[in-house]
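This report concerns only the one structure given below.
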Amino acid sequence: MAAPQVVVVGGGIIGAATAYYLSAKGARPIVVEAVSPACSASGKAGGFLALDWCDGNAVGPLARRSFALHAELAATLGTDCGYRRVRTHSISVRQPAQRGAATAAAASKRLPALPDWVDGDNIGQAALIGTEENTAQVHPELLTRALLQRAQDAGGSLQLGAVVGLAVEGGRVTGARVRARGSGQERELPADAVVFAMGAWSSQLAQWLLQLAGFSVSGLKVHSIVLDDSQNRTTPDCLFLAYRGTDGKSLEPEVYPRPGGQVYICGVSEEDVPVPATAADVHPRPDAIATLQGVAASVSQELGRAELLQQQACYLPCTDDGLPAIGRVPGLENAYVATGHSCWGILNAPATGEALSELIMDGKAKSVDLRAFDPARFVRRRAAARA
Ligand SMILES: Cc1cc2nc3c(=O)[nH]c(=O)nc-3n(C[C@H](O)[C@H](O)[C@H](O)COP(=O)(O)OP(=O)(O)OC[C@H]3O[C@@H](n4cnc5c(N)ncnc54)[C@H](O)[C@@H]3O)c2cc1C
């Protein structure tokens, strides 16, 4: 029997992980990506991973399974994606640092648990909130690209183009209409199954499929920067900050040194900014980037002087109940959704892809219970609200 052809819409980490695990189960995934692989949140995220920080809500088992799969992928993918275990600290920072101030050494002496490079002037209370046992990191863009590459090596493929509609016959999806990037030509791609992993663009689904009327995924715009650390002054210590700037505004930025001489910092969001047509239309705001550079300087004198390598913004895909949507499209055969992973999409991508591949290929997800993530819940809620 020919390998089932599964069209995966979206080349972010959720689409890439789904394609990877589908190809391992003998399917032929075709990933259709509108701009370029990892062009949005999956290429601009931090890549912080935690074993048990989602315990106590429905995402807990998904996160635990995924944390284990990340370690397995690091050992088996054959590509270095910057995976390593880390220590994690929470730190309060009261004011942006004044460059060149002389109190840094005193500050680091006061806080012996912090690494030497965390020597900002206004560092306040600090606590160790994660160890190498339960926290880790990975480079999200490298991992997304590596998963896609392995899926292609195993018989899958990648097409650059936007899915602009679907072919539906007799209650099942038979194909996706793809507008090629560049030529703009449209053609139908036949499919035995379709997975929608469109991140912050997933609300389009409600327009394509009556079965998903009411399905909504919003996008929250978040900024990030990458700084040069080619002297490798930092250590595997991730920082979660409670930060108050000179303007009095409170932020919760995150600072992640990466192997290979870079430091990633994110944390300035912009409320109520509509998701633009494509990821290529997302641009950072200069004031947000300046704020993140101020955060860097307040944490570390070294980071305050570091060269700015990347300034960027992207959209977190969020559902209104805070849980991802993973599973079958209600009322339609062979159509599946995987989106809404919010701030834990890098962590939860492997277990999402693994469970979806089981659902598609074996009829049931065995590795994780997906019931809490059923996309039908949005449709049920809308029907209940109308009744
Ligand atoms: C600043 C920031 C930091 C983060 N840090 C972390 C972290 O440390 N740890 C963690 O676990 N998570 C983190 N996240 C969350 C994580 O990045 C996201 O949850 C995850 O990347 C979402 O992946 P995705 O594949 O669903 O979406 P995306 O990465 O947005 O990918 C969706 C893709 O679908 C494509 N697409 C959309 N519509 C179509 C169409 N019609 N046809 C074809 N292609 C289409 C888009 O072009 C895009 O490439 C962070 C997010 C942000 C914003």
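The values are calculated or read from the model by the stated rules, or taken from the named source; none is laboratory data. Note that this is a predicted model, so its numbers are computed, not measured. Positions of Cβ are backbone-derived with ideal geometry, glycine not excepted, and every protein chain shown enters the neighbour counts. What goes into the accessible areas is simple: the full protein's heavy atoms, side chains included, and nothing from ligands, DNA or RNA. Shrake-Rupley method; radii C 1.70, N 1.55, O 1.52, S 1.80 Å.
Tabulated data for the structure shown
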read-out: Label point distance in nm, LEU309-ALA383, each placed 7 Å from Cα along Cα→Cβ; value: 5.1
read-out: Calculated [θ] (222 nm, deg cm²/dmol) that DSSP helices of n ≥ 4 give over the chain, each run adding -39,500 (n - 2.57); value: -8500 deg cm²/dmol
read-out: Within a Gaussian network of the chain (alpha carbon springs, distance under 10 Å), most fluctuating of ALA277, ALA136, ALA351; value: ALA277
read-out: Cα gyration tensor of the stretch 311-387 - equivalent ellipsoid semi-axes, whole Å, descending; value: 21, 20, 10
read-out: Spherically averaged projected area in nm², based on the convex hull that wraps the Cα atoms of the stretch 200-352; value: 10.9
read-out: R0 of 45 Å, Cβ-Cβ distance THR76-GLU271: FRET efficiency to nearest 0.05; value: 0.65
read-out: 0 to 90° range, to nearest 10: angle between helix 376-386 axis and the chain longest Cα axis; value: 80
read-out: Probe 1.4 Å, accessible area per residue of the stretch 265-343, Å²; value: 41
read-out: Using alpha-carbon coordinates, inclination of helix 345-362 to the longest axis of the chain, degrees; value: 20
read-out: Max mean-square fluctuation residue, GNM over the chain, Cα-Cα springs under 10 Å, options PRO140, PRO286, PRO253; value: PRO286
read-out: Carbon/sulfur fraction of accessible area - the chain, other protein chains in place, 1.4 Å, %; value: 50
read-out: Net charge over other residues, Cβ less than 15 angstrom from the Cβ of VAL168 (K, R count +1; D, E count -1); value: -1
read-out: Which of GLY248, GLY267, THR234, positive extreme of dipole for the stretch 208-289 (C-beta unit charges); value: THR234
read-out: Ellipsoid semi-axes in whole angstrom, largest first, where each is sqrt(5λ) of the Cα gyration tensor of the chain; value: 39, 21, 19
read-out: Those lysines that a straight Cα-Cα span of less than 23 Å connects to LYS221, excepting residues fewer than 8 apart in one chain; value: LYS44, LYS249
read-out: Where N is the number of residues in the stretch 3-91, Cα Rg divided by 2.2 N^0.38 Å; value: 1.24
read-out: Contour excess over end-to-end distance, with Cα ends at ASP281 and LYS249 and 0.36 nm allotted per residue; value: 8.7 nm
read-out: Efficiency of FRET between SER36 and GLN231 - r from beta-carbon atoms, R0 35 angstrom, step 0.05; value: 0.70
read-out: Degrees, to the nearest 10: 140-153 long Cα axis against longest axis of the chain; value: 30
read-out: Formal net charge of residues neighbouring ASP321 (Cβ-Cβ distance under 15 Å; K, R +1; D, E -1); value: +3
